[in-house]
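Before any comments, here is the structure.
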Amino acid sequence: MAESLRHSKRAIGSRQVSWWSQQRTFTWKELCETLRDRRTTVTLFVMPVLLYPLLGLMFRFIAVGNAAQLAPEYRIAVETEQEAAWLSSVIQAGEQILQSRPLRSGLSSGTTPLEPKVQFLVPNDAAEFDLEQSVAEGNADLGVRVSFSERQISDGFPGADVSVLQAESSPQSNSVATHLRERLAAANLLTAVNTIRQSGKSFSMPIEEALQWIKPLNQTSAILGLLPLVLLLMTVTGGVYPAIDLTAGERERDTLETLMALPVSRARLLMAKFIAVLTVTMLTGLMNILAMSATVYALQMESTLFGESGLSISLIFKLLSVLLVFSTFYSAILLLVTSSARSFKEAQALLIPLMLTTIAPGLVIMMPGWRLEGWLTIIPVVNILLMARELLEETLNTFPATIAIASTLLYASAALSLAARLFGTDAVLTGSRSGLRDLLRRPRDVSEVPSTAVGFSTLAILFPMHFLASGFLTRVSGTDFSLRLIVSAVLTVSLFAGVPVLFLKWLRIPLKSGARLSHIPVRIWPGIVLIGLSAWPWIYEMIIGLQSIGFQSLNASQMQQVQELLKAWREVPVALVVFGLGVLPGVCEELFFRGFLLSSLRREMNTAAAVIVSAVCFGLFHVVLAGGAAPERLIPSTVMGLLLGSVTCRCRSVVPAMVLHGIHNSTLLLIATFNQQLANLAVGEQHQSHLPASWLAISAVILGIGFAWTAVATRTQTESRMLIPESQR
Amino acid sequence: MSGDSPSVESVIRLHELTRKFRTERGDVVAVDRLSLVTRAGEVYGLLGPNGAGKTTTLRMLLGLLAPTHGEVDILGTRVSEDLQKIRQQVGLVSASAGLYQWLSPLETLRYFATGYGLSKQQTAERIEELVSRMGLSGFLHRRTATLSTGQKQRVNLARALVHDPPVVLLDEPTRGLDVVGSQVVFDFVAELRQTGKAVIVCTHQLDEAQRLCDRFGLLHHGRLRYEGTMVELQQQTGLSSLVEMFLQILGRAARQTVGV
């Protein structure tokens, strides 16, 4: 080397570039790596282009063949060829008369009923043929004996006396007889009308009928029901290779060590890989939809497969929306599984059971009768498949869809967090025998705070449990209010206190540090109490404001139930209500959201981001009510969460937030109990009025004093970035 | 600590560093109470046969592996205290350093420069300097999958220096290289010494180590058997070459194994 390299005692760089710029570069590299790989290109472009036309042609071939085979066959036995010829002519003539009935609205193509094929059975030797015997033995569906008469149907076409031999209790024989009688009657009718008209008299049919086809509700094309499963499976195949390549592939290519040596957290590196896998998965889904659309259009099968409206832009948009939610979840799961693999082969072996567990429930769920409701809304994959089907059928309800989407996204967050723990760990790096099992293993060493992965995992477990618990609570709604209060208290404590405490115990994390239960100076309390007493008018006004612009969740029947509930709780001692519905939920929710969850988020995020994420999760949990959803509570609850999170970080303890939350809840309950005008505060009547301006002004002043007092009292405890031992990152 | 001189600043300090692995047959001690010091402008050769614990030691230096016991200190900061700060100060040329086959050397260097927190301007300046010094201009825009082994190693060396770290760790840097490629590495290490970087080179190529390094640590079964400059080792062992010293260590260990 001709010249010396520049010498410096400290490295250059070190946070000269913004977080977003860095993350963009990480993501760009992952996308380049995967999209430039020819194997990705084949899965992305070539497979859909080849597969759908082949499938379309096969479907068309089978469908047409089946249509031909599915036409009913009628066997009519006669005694002579002459009778067969006469009957055939009369049936055709009658058919023409019947087909000439006017239709009010026509069917779309391909939906007219299938015409039966009539086969006449004529014996070789009439002398030895027994018509009755033939019908009795089932060799023919119907027997017909024709005796020609001198009556005329038309010039040169004689009438006849027709004897019909029909097998008793035979639906097939009955169908054939009905078919024949309709056509004979039509022929007779036409003859009668023509005769009347020929006599010079004017004549018109006294009764006219017209046929109108009505599409039944809840009946969709069978293909439309299977479409979500087909698309999801095709989409999944697109994400498998990039997920393996970007994780296990790093180790196989010997790039993992230098990647892990970067001064960047594993979570950020994995987030870039997640975005790359998600992008490829969505592109695969989009290519599949485009290839399918082109195939269906080219083969003129859109109405056969998708009904009268065909494959519309709105349908494509719905499919893409469902694909986005599913791809987010599945990409995270793929990365979780492949992050524990030490090679391509191992990753493929781990993914096979995963894909089987996706296909199996998918096939079952696609059968009729399954609806997105109850516990099915929280089962991963199943909830998305049902949601997709109901979305296509236009029978989807908002509440179960919200639960399905929220739970799926939470599962995805948990999976990603766990994947970040696994990716590049010493076990994977050095090839020692461990991996996914390590996630379930109790750690040997004591930690100070839970990891972000644990936080998200707990959230993913708690959300469906909270949903189920709310549903359980509706079952006790008809009982004594005291009992309901006790059940509600037990559920609250079990979920929001019991679950995080169990996790802390398992992870060997002291409760005090893991849930931020630190002692705070007495001087802080007045500020906290003032905030707790004065925040409620603003939260109330937010709810009223949202309801006034249409965010009203409760219908008349639910409002009635709430009224009865309010009446019932006034029968119970106030202290019990305040404790059970105010203090206890306040304390327990804070233990989880601001104690456990916020602490875990702070390990990977800065203070502001952690407070926002915990607040949004808090808001989401408050949307779920017993027996329904209250979307108007999302924003006010999130705002409340931001307040509580800020107080927690400022005071460096969750205890003030517990007290604040308890005071806030209790204030609302007391107002509801003692002030009829504000009795519907928590649920919002349609004509609920705003609070007087003076109330808002006074609360604003008290709130301001409370904030100022807390800020001054905690000045010596300014929240700085929590020093997490690096060994615990 | 051995070799510690208060007049010269210590850049890397290992104190009683230990790493155990759990296996089906019980615990295996890969690194056993290793203590050493490396200074600025010094090339320290951590030598030993395969399985001696060299790579494990480097991984603990970078925080890729957590030590079972002991401590690592780089430029006054403990690895257990601020891992990201440590990694910011260290460049690694790994024995198993692969490259991203679908990226070009330019894209690779940009990626790692951003990873180390360099701004766009710093990245451009630094890459220009490295391309010139390491001779990368002839293949800068080609996919790395199309490069020869020697060219890939140049890119790896450049990548390790993209953020101009004061500490450089090299693990088997000449593996798979021919004479010309190895000479590139030797020149590279000489430059690092001249620019005052603290360098640790792990290798089992003892003859190369003698050319490259100022001081040596002879590692066997995770334990530091001998340490010092070449002259000091010769005085300690009474032997003249590193090969003979290792053979003596291995012979003694074999006799201990059979109980002689």
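Every number here is computed from the coordinates shown, using simple stated rules; none is lab data. Note that this is a predicted model, so its numbers are computed, not measured. FYI the Cβ positions are ideal-geometry reconstructions off the backbone, even for glycines, and counts take in every protein chain you see.
Observations on the structure shown:
- Neighbour cut-off at most 10 other Cβ (10 Å), DSSP loop, GluC sites (Glu not before Pro), region B:1-106: B:24
- Each Lys and Arg Cβ is given +1 and each Asp and Glu Cβ -1; about its Cα centre, region B:44-165 then shows a dipole of about 440 debye.
- Residues within the reach of a label modelled at residue A:174 (point 7 angstrom out along Cα to beta-carbon, backbone nitrogen below 20 Å), restricted to region A:130-150, are A:135-144.
- Spacing of the modelled spin labels on residue A:38 and residue B:243, each 7 Å from Cα toward Cβ, amounts to 4.6 nm.
- For chain B, the direction-averaged projected area of the alpha-carbon convex hull comes to 15.5 nm².
- Measuring against 25 Å, Cα to Cα, the residue pairs A:273/A:345; B:85/B:197; A:29/B:120; B:54/B:197; A:29/B:20; B:152/B:197 contain A:29/B:20 as the ones spanning a longer distance.
- Residue exposure sequence - A:32, A:651 - by fewest surrounding Cβ within 10 Å: A:32, A:651
- Projected label distance in nm at residue A:199 and residue A:371, using a 7 Å step from Cα toward the beta-carbon: 6.0
- Extension gain, residue A:119 back to residue A:297 (0.36 nm per residue minus Cα-Cα distance, nm): 60.3 nm
- 10 Å Cβ neighbours from other chains, averaged over peptide A:25-31: 4
- Cleavage-rule hits (GluC sites (Glu not before Pro)) in region A:308-393: DSSP loop, at most 16 neighbouring Cβ within 10 angstrom: A:308, A:373
- Residue B:219 long-range amide H proximity, modeled H, under 5 Å: B:47, B:48, B:225
- Computed from the Cα positions only, the extents of region A:224-344 along the three principal axes stand at 58, 22, 19 Å, in decreasing order.
- Other-chain or far-sequence residues with amide H under 5 Å of residue B:98's (modelled H): A:255
- Average beta carbon contacts from partner chains per residue of B:191-200, 10 Å cutoff: 2
- The base-10 log of I(q)/I(0) for region B:40-148, evaluated at q = 0.14, 0.17, 0.19, 0.24 Å⁻¹, reads -0.77, -1.04, -1.15, -1.29 [Debye formula, identical scatterers on Cα atoms, solvent excluded].
- Annotation: the residues A:599, A:18, sorted from fewest to most other C-beta atoms within 10 Å of their own C-beta, follow the order A:18, A:599.
- Residue-span extension gain [residue A:363 to residue A:445] - 0.36 nm each, minus C-alpha spacing: 25.1 nm
- Angle in degrees between helix B:179-194 and the longest Cα principal axis of chain B, rounded to the nearest 10: 90
- Isotropic mean projected area of the C-alpha convex hull, region A:290-370 (nm²): 7.4
- With neighbours defined as other Cβ atoms within 10 Å of a residue's Cβ, the residues B:200, A:196 order from fewest to most as A:196, B:200.
- Placing unit charges on the Cβ atoms only, positive for Lys and Arg and negative for Asp and Glu, gives region B:162-228 a dipole magnitude near 280 debye about its Cα centre.
- For the residues of B:99-106, the average number of beta carbons from a partner chain within 10 Å of their own beta carbon is 4.
- Computed on chain B, with alpha-carbon pairs under 8 angstrom and 6+ residues apart, the relative contact order is 26 percent.
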